[in-house]
Every structure is written in structure tokens, then in C-alpha cells.
Amino acid sequence: QVHLVESGGGLVQAGGSLRLSCATFGITGSINDMGWYRQGPQKQRELVASITRGGSTNYLDAVKGRFTISRDNAKNTVSLQMNSLKPEDTAVYYCNARINQRDFWGQGTQVTVSS
């Protein structure tokens, strides 16, 4: 059974940095796209960043230049380096992995940015 486990969330002041990591378990095939989504208070879940197996990336406009997504195909992990954090980045961040057109999700990790 596939499991994704996020780590690295927490409380940080505006302008600070956090690094989120996502470990995967029970993977038996190749992971296609991996990504990070977030859901803020009373907001819909949105895609923050994604990365293909080949390394092509895509970012939400609001985080371009501040966040960097990376992955390790050998370890089936994905990370999100978040710099220059803003209060509006406060949300639960979810790791996502797409395997054979099926989406798998982690349980989420809280990121809170204080002003």
C-alpha cells in the first residue's frame, strides 16, 4: 500500500525559510509527477509546485522565485525549499505523487508564517 509522509512544517516568522520533505512507502512502479499542494484557511487546495520525473518544474505564480521543488528518483522523495515566506503562505501543505494516473496524497503538514 502506498503511503506518503510529509515532514518539515512548522511556525516561522515572515521572511524566514522552511524545507518540506516527502518520503514514500510501498511504491512498486515509477512515479510520474510529484508535487506539493496547499490549502489555506477557508480556501481551496491549490497546486504550489510540481516536478516531472525528468525534472521539469511548474510553480504557482505567487511562489515563483521563492520556492524550489526537487526530487530524488532513486529514493522516491520530493522536497520543497521555501524562502522569503509570507503570512499568506500559511496553509496545510500536502505531498502528491502520481503513479499510473492515480494520485496519492500525504496527510499534510502545517506551515504557519507569522507577521
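For (1) of a type outside the set (Phe, Trp, Tyr); (2) in contact with a Phe, Trp or Tyr (Cβ under 7 Å, 6 or more places away or on another chain); (3) free of Cβ contacts under 8 Å to residues at least 40 places away in the same chain, each residue gets a yes or a no:
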position: Leu4; (1), (2), (3): yes, yes, no
position: Ser7; (1), (2), (3): yes, no, no
position: Ala49; (1), (2), (3): yes, yes, yes
position: Gly55; (1), (2), (3): yes, no, yes
position: Gln110; (1), (2), (3): yes, no, no
position: Ser114; (1), (2), (3): yes, no, no
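Scanning for something β-branched (Val, Ile, Thr), surrounded by 21 or more Cβ atoms within 10 Å (Cβ to Cβ) and not in a loop (DSSP other than H, G, I, E, B), does region 19-41 turn up at least one residue? No, region 19-41 contains no residue that is β-branched (Val, Ile, Thr), surrounded by 21 or more Cβ atoms within 10 Å (Cβ to Cβ) and not in a loop (DSSP other than H, G, I, E, B).
The residues of region 57-72 that are open to solvent by 60 Å² or more (accessible area, probe 1.4 Å) and among the polar types (S, T, N, Q), listed by number, are Thr57, Asn58, Thr68. Looking only at region 42-56, count how many residues are under 16 Å from Leu4 (Cβ atoms) and open to solvent by less than 70 Å² (accessible area, probe 1.4 Å). Residues that pass the stated criteria total 5. For region 75-97, residues that are surrounded by 18 or more Cβ atoms within 10 Å (Cβ to Cβ) and in a loop (DSSP other than H, G, I, E, B) total 3.
Is it fair to say Glu6 is acidic (Asp, Glu) and surrounded by 15 or more Cβ atoms within 10 Å (Cβ to Cβ)? Show your work before the answer.
Working: acidic (Asp, Glu): yes; surrounded by 15 or more Cβ atoms within 10 Å (Cβ to Cβ): yes.
Taking the combined requirement at face value, the residue satisfies it.
Within region 98-115, the set of residues being loosely packed, with under 15 Cβ neighbours inside 10 Å and of a type in the set (S, T, N, Q) comprises Asn100, Gln101, Gln107, Gln110, Ser114, Ser115.
The values are calculated or read from the model by the stated rules, or taken from the named source; none is laboratory data. Note that the coordinates shown come from a computational prediction; the quantities given were computed from them, not determined experimentally. Backbone-built Cβ (ideal geometry, glycine too); neighbour counts: all protein chains shown. Accessible surface is based on the protein model in full, side chains and every heavy atom, while ligands, DNA and RNA are left aside. Shrake-Rupley method; radii C 1.70, N 1.55, O 1.52, S 1.80 Å.
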